[in-house]
Amino acid sequence: MTVPIADQLEFITNGNGVTREFSYPRRFLQKDEIVVAFRTGDIDTIKSLNVDYSIAGSSWPAGGKIVFNVAPPVGVKVVLYRKTQVKQSVDLENKQRNDAKAVETQLDRLTMALQDTDLLARRALRTDSKEGYRLSAPVPDRVLVWDEQGKAIVPSSKSVHDFETAVASAQAAQAGAEEARDQSVNAKNKAKLSEEASASSAATANSHQSAAALSAGKSAEMAALAGGHAMAAAASEVAAASSMATAKSYKQEAEQSAASAETDRERAELAVSYAAAQASSAEASAQAASTDAHATQIDRIAAADSAASALQSKNSAAVSAAQAAQVLAGMDGGTSGQVLAKLSGNDYDYTWLTLDGIGDMAASVYDPDGKAADVFNMQNMVEAVNAKIMTADERISLAANNSARHTHENKGVLDATTASFSVEEKNKLSGIPADADKTPSLASVATSGRYADLTGRPTLGTAAAQNVSYFATAAQGVKADTAVQPSDLNAVTINRSGSWRDVTSQRSANTSYRNTTGYVLLIAVSFNNTYHDVQLEVSTNGASWVNVYNVRYSGILPILPGQYYRINRAFNEWKEFS
């Protein structure tokens with residue numbers, strides 16, 4: 001089918017501690033190609049398929065759904081996005097008919113993989129340069145910086161703590177510079193106020209001094225005019241002296257104010273100098289912090305490139321898993337009672353068949369006593385009141401003539417009596433009237449001749465009470481003795497109630513194992529690298545081995561009950577169905 005342009009490939013939902021099922025409404029080809037993560041803050045924790053959750057809807061046009069074993073808690077974001085494996089799973093043969101659906105599925109896979117890669121690429125940091133840059137392996141607690149040639153991003157000698165400390169120092173220096181600047185402005189304002197106060201005090205002192213001089217002149221003039229008014233002149237002299245003293249006091253205050261203003265000015269100059277030094281230091285720290293921040297940003301870009309490279313490496317290792325999935329897909333379907341069989345010598349050519357001769361004889365009906373033995377063996381049957389099993393001697397007696405059937409120990413006596421019984425004696429017996437005296441009472445069987453009227457009868461099995469048509473004939477018994485029983489098919493079929501198990505941790509290369517399940521065992525193996533001489537070998541005795549399968553990426557092989565099996569190369573995954 002066509003692959004539309006995807007407007008969204010990542011879906012994020014808040015967990016609430018109740019909801020377990022989350023939808024992924026985009027088509028995906030394999031269950032393991034959906035990434036499921038819990039996001040707490042800036043940290044994504046990847047969850048495991050078939051351990052933390054299950055997925056339904058592989059290859060569905062409208063996507064599928066993810067079902068968690070435990071509902072994601074409150075405070076966790078459920079992150080879902082697709083990561084299609086980049087692989088080629090279709091082997092096209094020259095001048096041969098190739099399956100259109102398989103080819104289209106491969107093209108869909110490549111298109112979807114490009115869409116997924118584009119999603120990751122648009123998140124990555126990119127440069128305008130066409131040159132390639134090398135990203136060194138990260139070192140814990142170290143920031144990444146450009147090297148001296150600007151060709152590679154390498155771990156610096158500074159740790160994240162150093163970077164944080166530099167930023168904090170720059171911020172503190174900037175705050176100190178601002179405080180020094182404020183102190184300098186305040187000192188300048190105080191110096192200006194002091195100068196203005198000094199000038200005002202000096203002006204006041206000069207005014208008082210002028211007033212004192214004027215007062216002294218007027219006093220002298222008044223003394224000259226008064227002539228002999230000595231008392232008035234004395235008073236004027238005292239007033240003049242007082243005015244002079246007051247003027248002198250104001251002058252001293254003005255001088256002190258001027259000295260204080262000079263001191264404040266010197267202090268203001270020192271504060272300005274200190275503020276300039278602090279500002280210079282803050283600028284240097286801020287520049288260093290900016291450099292470290294730039295290096296950290298570049299490191300993050302390099303980390304994103306490294307993640308993209310790791311994704312590409314992982315894609316190449318997933319090829320074999322797809323082939324195993326193709327084999328399993330061929331096993332889908334079938335109905336109850338069918339078996340999986342090979343149609344030809346081609347790989348993965350399986351189909352479900354219904355074998356003839358398998359009936360529906362429930363043990364609860366045909367074997368209620370749980371004998372689990374030959375139904376046509378008379379020794380396995382149970383007698384009933386009216387259903388008896390004859391012995392061999394009884395059968396011989398029935399098959400013999402009348403004389404043999406009536407043979408008993410008194411036969412000779414009875415034969416002699418019959419021979420001596422005359423005609424007259426017989427006639428006498430025939431002439432006995434009907435109303436003559438009756439003989440003593442006889443048992444009812446003497447007159448009825450019914451077997452049921454006998455007393456002391458032996459107990460017969462239940463088979464004696466059944467119609468003869470209920471039992472098999474001799475010819476049918478012969479066929480039953482040679483019929484294939486359901487348990488006889490175990491050696492050529494797989495266990496219908498079995499399942500795939502991951503036994504990777506329990507298997508090793510060049511080590512032999514034996515199928516003891518009683519059924520056909522399926523093994524599926526994938527490899528990390530491309531080998532050209534991988535051999536899957538089997539043996540009937542564990543000593544003589546036969547190579548039955550050569551593979552490159554992955555393979556699947558049936559093992560008959562009792563056989564030994566092994567693989568001669570290191571593998572990635574090993575799974576068994578039993």
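The values are calculated or read from the model by the stated rules, or taken from the named source; none is laboratory data. In this text, all values refer to a predicted model and were calculated from it rather than measured experimentally. Methodologically, a virtual Cβ is constructed for each residue, glycine included, from the backbone with ideal geometry; neighbour enumeration extends over all protein chains shown. To get the accessible areas, we keep the full protein, side chains included, count just its heavy atoms, and leave off ligands, DNA and RNA. Shrake-Rupley method; radii C 1.70, N 1.55, O 1.52, S 1.80 Å.
Screening the candidates D42, D118, D91 for the property of being closer than 22 Å to S554 by Cα and open to solvent by 60 Å² or more (accessible area, probe 1.4 Å) yields one hit, D91. Scanning segment 553-577 for residues that are modelled with pLDDT under 85 and either under 25 Å from the mean Cα position of the chain (by Cα) or under 14 Å from I494 (Cβ atoms) (or both) yields Y553, S554, G555, I556, L557, F571, N572. Mind checking whether some residue in segment 515-531 is at pLDDT 90 or above, within 30 Å of the chain's Cα centre (by Cα) and open to solvent by 30 Å² or more (accessible area, probe 1.4 Å)? Checked segment 515-531: no residue is at pLDDT 90 or above, within 30 Å of the chain's Cα centre (by Cα) and open to solvent by 30 Å² or more (accessible area, probe 1.4 Å).
Could you tell me whether A6 is touching a residue at least 12 places away in the same chain (Cβ under 8 Å) and open to solvent by 30 Å² or more (accessible area, probe 1.4 Å)? Yes. Among the residues of segment 122-129, some residue qualifies, meaning at least one is closer than 30 Å to T2 by Cα, within 32 Å of the chain's Cα centre (by Cα) and surrounded by 12 or more Cβ atoms within 10 Å (Cβ to Cβ). Quick one: would you say R109 is at pLDDT below 85, within 29 Å of V3 (Cβ to Cβ) and charged (D, E, K, R)? When the stated conditions are applied, R109 does not pass them. Only strands (runs of 3 or more DSSP E) whose full extent lies in segment 1-64 are considered here, and the ones with at least 2 residues that are among the polar types (S, T, N, Q) are 10-14.
Would you mind finding the one in L120, L92 that is over 30 Å from E21 (Cβ atoms) and out of contact with any Ser or Thr (no Cβ under 7 Å at 6 or more places or on another chain)?
Details: L120 fails: over 30 Å from E21 (Cβ atoms).
Of L120, L92, the one residue that is over 30 Å from E21 (Cβ atoms) and out of contact with any Ser or Thr (no Cβ under 7 Å at 6 or more places or on another chain) is L92.
Against the definition (in contact (Cβ under 8 Å) with a residue 40 or more places away in the chain, polar (S, T, N, Q) and in contact with a Pro (Cβ under 9 Å, 6 or more places away or on another chain)), how does N515 come out, yes or no? For N515, the condition - in contact (Cβ under 8 Å) with a residue 40 or more places away in the chain, polar (S, T, N, Q) and in contact with a Pro (Cβ under 9 Å, 6 or more places away or on another chain) - is met.
Against the test of being modelled with pLDDT of 85 or more, hydrophobic (A, V, I, L, M, F, W, C) and buried (at least 17 other Cβ atoms within 10 Å of the Cβ), the options V70, V79 yield a single qualifying residue, V79. Among the candidates D369, D435, the residue that is open to solvent by 60 Å² or more (accessible area, probe 1.4 Å), at pLDDT below 75 and part of a loop (DSSP other than H, G, I, E, B) is uniquely D435. Residue count for segment 57-73 satisfying the condition of being under 13 Å from the mean Cα position of the chain (by Cα) and within 29 Å of D108 (Cα to Cα): 3.
Would you confirm, using the coordinates I've provided, whether D488 is touching a residue at least 60 places away in the same chain (Cβ under 8 Å) and open to solvent by 60 Å² or more (accessible area, probe 1.4 Å)?
Numbers: touching a residue at least 60 places away in the same chain (Cβ under 8 Å): no; open to solvent by 60 Å² or more (accessible area, probe 1.4 Å): yes.
Here the answer is no, as D488 does not meet what is asked.
Of all the residues in segment 458-475, those that are in contact (Cβ under 8 Å) with a residue 12 or more places away in the chain and either of a type outside the set (A, V, I, L, M) or under 15 Å from A384 (Cβ atoms) (or both) number 9. Counting residues in segment 536-549 that are open to solvent by 50 Å² or more (accessible area, probe 1.4 Å), of a type in the set (D, E) and on the phi < 0 side of the Ramachandran plot gives zero.
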